[in-house]
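The values are calculated or read from the model by the stated rules, or taken from the named source; none is laboratory data. From a predicted model like this one, the values you see are computed outputs, not experimental measurements. Positions of Cβ are backbone-derived with ideal geometry, glycine not excepted, and every protein chain shown enters the neighbour counts. Accessible surface areas use protein heavy atoms only, side chains included; no ligands, DNA or RNA. Shrake-Rupley method; radii C 1.70, N 1.55, O 1.52, S 1.80 Å.
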Amino acid sequence: MCGGGESLWGWGPRVPSPLLLLSLLSTAPLGLLGEETRQVSLEVIPGWPGLPQNLLHIRAVGTNSTLHYVWSSLGPPAVVLVATNTPNSVLNVNWSRLLSPEPDGGLMVLPEDSIQFSSALIFTRLLEFDNTNMFDVAAETPGKPYPPYSLAEFSWNNITGSLDPATLSATFQGRPVNDPTGAFANGSLAFKVQAFSRSGRPAQPPRLLHTSDTCQLEVALVGASPRGNHSLFGLEVVTVGQSPDCPSMREQHSIDDEYAPAVFQLDQLLWGSLPSGFVQWRPVAFSQKQGSRESALPCQASPLHPILAYSLPQSPIVQAFFGSQNNFCSFNLTFGASTGPGYWDQHYLSWSMLLGVGSPPMDALSPLILGIMAVALGAPGLMLLGGGLVLLLHHKQCSEYQSIN
């Protein structure tokens, strides 16, 4: 879970054990094996005239497989992820069905028998809590909740203008249709989506290791007026699948914080057994655009729990692809704490995650940490070797001594 247990921040009490150190030393490089370069394309699927262009298709083609990411702000922001075992699979969109009250069959990946895995995420609500005088870190809620913002009731931009083929990215930007208090008069909520044709890391923290099998989402709340002096914000996230069980949450701990200073944890959401999908993030958000340790906010995730479909806003692309018989699970992410930096500093909040298929990327130990470990583990060996040489030379000198008698 996203910081759901004991703190693993640099200022927390937990120190990695020697056993963890040795296990990381022996297994970390394995996460970099078997990576594949893909031919990646971004396409805005043209809709009916007069409607915002808000259906983005990312197609990542490998030697014998294809990944399809279909992002849309029809209804609440959502993504459908499909993995196939052929490089020739294609997306088919039937707009008349997709925009109808019964969109089943309006979104398909063909051939259907090539599909190896499919799932979806829906971002349903922007949460806000009054964190004033909340000093109990173990409290079940981060504060008194304000009425949430339903993201299905946001007006979203035309993503064609933000499409950037050079960086393989596009941004959905929106604000509430009805905003009686003017909270979003100068603010917006943005979902920046980015694909990758090969492995690497972004320049800005949290610098998640991506591969060609992943797609990154950065969520940014900018300029919106909070309803309290110390408001904490969060997201309600819904997972979609045909399995009766919710995806599992796991934590990975590390001794290396080079890529995200003071953060020694990586959180993962996993669907079933391989080949399956995953979501991966570090339990940290940032209150400044140039993310740094000084602007880092802790991230907390609630446990996943099943939720009934009728209580959720409908996502047309999810129902169009999966039909009406699905299982939904939800969890909340909240960003910030009662002390330290917060959204109130500069009215800015950003958080990033990776979505992909297969084994989640695993960080190898950085050269700095490997150097420190080499010195730490090598120094005793050098001392023993030096001591042995001294004893050997001393013994040789004694054996060469001859009595004058």
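Residue ranges 215-225, 302-312 sort as 215-225, 302-312 when ordered by packing (mean number of other C-beta atoms within 10 Å per residue, highest first).
Ranked by the mean number of other Cβ atoms within 10 Å per residue, highest first, peptides 279-286, 181-188 order as 279-286, 181-188. Converting phi to 3J(HN,Hα) with the Karplus coefficients 6.51, -1.76 and 1.60 and the offset θ = phi - 60°, the stretch 68-81 yields 10, 10, 10, 9, 7, 10, 5, x, x, x, 8, 9, 10, 10 Hz in sequence order, with x at every glycine or proline.
Please report the carbon-and-sulfur percent of the accessible area for the stretch 58-99; probe 1.4 Å, protein heavy atoms only, DNA, RNA and ligands left out. Result for the stretch 58-99: 43 percent of the exposed heavy-atom area is carbon or sulfur.
Between the stretch 98-127 and the stretch 180-204, the C-alpha centres lie 22 angstrom from each other. Residue by residue, the stretch 171-179 carries 3J(HN,Hα) couplings of 10, 9, 10, x, 8, x, 5, 10, 9 Hz when phi is fed to the Karplus relation 6.51 cos²θ - 1.76 cosθ + 1.60 (θ = phi - 60°); x denotes Gly or Pro. Packing, taken as the mean count of other beta carbons within 10 Å per residue, orders the peptides 149-156, 313-320 from highest to lowest as 313-320, 149-156.
The calculated pair-distance distribution of the stretch 113-226 uses every alpha carbon pair, bins of 5 angstrom beginning at 0, and gives 2, 9, 15, 16, 16, 16, 13, 8, 4, 1, 0, 0 percent.
Please work out the FRET efficiency for the pair residue 48 and residue 252, using the Cβ-Cβ distance as r and a Förster radius of 45 Å; give the result to the nearest 0.05. Between residue 48 and residue 252 the formula returns 0.50.
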